[in-house]
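J.: Please read through the structure below; I'll follow up with questions.
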Amino acid sequence: PSPRSCQSNGANEEALQYEIEELKQKELALDQEIAQLLSEGYSLEELEQHISLLHEYNDIKDAGQMLLGKLAVIRGVTTKQLYPEYDLELSD
């Protein structure tokens, strides 16, 4: 291997180590958040159900956004312009 490829491999390894450390910190933060919720009386089943419902909500919201986008293209307007017509808030 050339010196350049060794430097590149070293940089890649350093980047991966940094990413691993970031993921470990995120895992720790999530574990702490779960422990906090459990101490507040939530059960793991409730938390899993809540996460499942959030995923379902996000999937439905994504589909709605896609439909609004297609409708906006057909009408030649922006998606934002359709929000009042369907009583939607921009934060929706």
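The values are calculated or read from the model by the stated rules, or taken from the named source; none is laboratory data. On a predicted model such as this, the values are computed, not experimentally measured, just so you know. So basically every Cβ, Gly included, is an ideal-geometry build from the backbone, and we count neighbours across all protein chains shown. Keep in mind that these areas ignore ligands, DNA and RNA; they rest on the heavy atoms of the full protein, side chains included. Shrake-Rupley method; radii C 1.70, N 1.55, O 1.52, S 1.80 Å.
J.: Given N residues in the chain, what is Rg(Cα) / (2.2 N^0.38 Å)?
T.: That works out to 1.84 for the chain.
J.: Any chance you could list the semi-axes, whole Å, largest first, of the equivalent ellipsoid that the Cα gyration tensor gives for segment 43-91, using √(5λ)?
T.: Gyration-tensor ellipsoid for segment 43-91: 31, 11, 6 Å.
J.: Taking all protein chains as present, what is the carbon and sulfur share of the accessible area of the chain, in % to the nearest whole number, probe 1.4 Å?
T.: Exposed carbon and sulfur together represent 57 percent of the surface.
J.: Turning to a different aspect of this structure: Using a Förster radius of 22 Å, what is the FRET efficiency between Glu21 and Ser52 based on their Cβ-Cβ separation? Nearest 0.05, please.
T.: 0.15
J.: Taking a probe of 1.4 Å, how large is the accessible area per residue of the chain, in Å²?
T.: That works out to 88 Å² for each residue.
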